[in-house]
Amino acid sequence: MEESSNSEGTPVAIHIQEKVPKIRVVFMGTPSFAATILQNLINHHYQIVGVVTQPDKPTGRARELQPSHTKQVALHHDLPVLQPNRFDEEAYETLKLWKPDLIIVAAYGRILPKNVLLLPGFGCINVHASLLPKWRGASPIHNVLLSGETETGITLMLMDEGVDTGDIITSERTDIDANETRPELEARLATIGAELLSHTLAPFIERKIIAQSQNSEEATLCQLIDREDGHIFWNDDSQALYDRYRALTPWPGIFTFWKKNGVLQRLKLLSIAHIKQAPQVRRATGEVFEIGESIGVQTGTGILLLEEVQLEGKERVDIRTFVRGYRDFIGSILE
């Protein structure tokens, strides 16, 4: 065993297997989840003949173009990179020139057309961050946390023209920690997926694994996540609100509205905790109050504890600093 690191510098234990199939692999992926899997394939000495990732995107206040995590790994290892806005004839011809025996996809972010799916002799394998057929779609980690589930996993699937409907090669389960946030779970699933893929590819290429069809009657679909999904509704119970925080951290984050001087202002809840049981004294839903040394908010059932917040247009601060600056916050009703 040797130690490597993912695209964010986190050490990852790599188990080097003796037998690596001598095949030409094209890798498709974009975020850090995909970059971890690509790095592991490189560490296992797979022949990566090309990498496909999303076009560079503007980030920060300066709106400077930023390459994806996957592109950064590819460039570090001098791998050819393709960044099509769509899979037109030009992009397809580039893929053909790479002559892939296998295409591996992990959080790429685009649906592959039929001609791409049919290009490699061993097909296209998707590394999907859920236990299919549950949570088909683009945001399985968000959705498994939003639903309050305690278990998830990785599925390796042969891709077809549907959205995560292909035959399952293998899967691996893992428990979800009660306080695990989306970035934490995503990083852990990336490592699980990388290891599962490296241990599965050889027997798959040797035809020792027969993929099994999914039971579509058990399928669930991911909801798309947008900025407004972070709006807290205080009549929900504290566990559901805490699960929303875990799922939507750091983007889009959760927020509420506080009426300051008669004007509603968006208040981001950057760090929170929760108490499941109902308080002895029932307050109005959304009411802010002191509970010992903490600042709580009454929910439908239970209490949300505020730890770090950010008022729209202001800097992020711990809740005690915020309360010292806005003494009328205690006793107010959040919306």
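The values are calculated or read from the model by the stated rules, or taken from the named source; none is laboratory data. These numbers come from a predicted model, not from an experiment. Cβ atoms come from the backbone with ideal geometry, glycine included; neighbour counts cover every protein chain shown.
Looking across ARG227, ARG207, one residue alone is under 22 Å from THR249 (Cβ atoms) and of a type in the set (Lys, Arg). It is ARG227. Within segment 203-234, the set of residues being surrounded by fewer than 16 Cβ atoms within 10 Å (Cβ to Cβ), assigned to a helix (DSSP H, G or I) and more than 19 Å from the chain's Cα centre (by Cα) comprises PRO203, SER216, GLU217, GLU218. Of all residue pairs spaced 6 or more apart or on separate chains, those with beta-carbon atoms under 7 Å, a first member in segment 82-95 that is within 11 Å of ARG110 (Cβ to Cβ) and a second member that is of a type in the set (A, V, I, L, M) are PRO84/ALA91; PHE87/LEU112; PHE87/VAL116; ALA91/LEU82. Can you tell me how many residues in segment 235-259 are under 12 Å from GLY286 (Cβ atoms) and buried (at least 18 other Cβ atoms within 10 Å of the Cβ)? Count: 4.
Looking across segment 1-34 at every residue that is of a type in the set (Asp, Glu) and part of a loop (DSSP other than H, G, I, E, B), the one that is modelled with the highest pLDDT is identified as GLU18. Being at pLDDT 95 or above and either among the polar types (S, T, N, Q) or touching a Phe, Trp or Tyr at 6+ places or on another chain (Cβ under 6 Å) (or both) is a description that applies to GLN212.
Within segment 179-187, can one find any residue that is over 14 Å from the mean Cα position of the chain (by Cα) and in the same structural domain as LEU112 (by TED's automatic domain parsing)? Looking through segment 179-187, at least one residue is over 14 Å from the mean Cα position of the chain (by Cα) and in the same structural domain as LEU112 (by TED's automatic domain parsing).
Put simply, of THR174, THR152, THR170, THR165 the only residue that is more than 18 Å from ASP243 (Cα to Cα), part of a strand (DSSP E or B) and either touching a Gly at 6+ places or on another chain (Cβ under 7 Å) or modelled with pLDDT of 95 or more (or both) is THR170. Candidates are the residues of segment 103-116 that are surrounded by 18 or more Cβ atoms within 10 Å (Cβ to Cβ) and of a type in the set (A, V, I, L, M, F, W, C); the one that is farthest from the chain's Cα centre (by Cα) is VAL116.
Which one is nearest to the chain's Cα centre (by Cα) among residues in segment 25-55 that are surrounded by fewer than 22 Cβ atoms within 10 Å (Cβ to Cβ) and within 18 Å of PHE87 (Cβ to Cβ)? Selected residue: GLN54.
None of ALA74, ALA34 is hydrophobic (A, V, I, L, M, F, W, C) and farther than 17 Å from LEU102 by Cα except ALA74. Report whether or not LEU269 is at pLDDT 95 or above and in contact with a helix residue (DSSP H, G or I) (Cβ under 9 Å, 6 or more places away or on another chain). So LEU269 fits the description; yes.
Within segment 58-70, the set of residues being surrounded by 13 or more Cβ atoms within 10 Å (Cβ to Cβ) and either more than 18 Å from MET28 (Cα to Cα) or free of Cβ contacts under 8 Å to residues at least 24 places away in the same chain (or both) comprises GLN66, PRO67.
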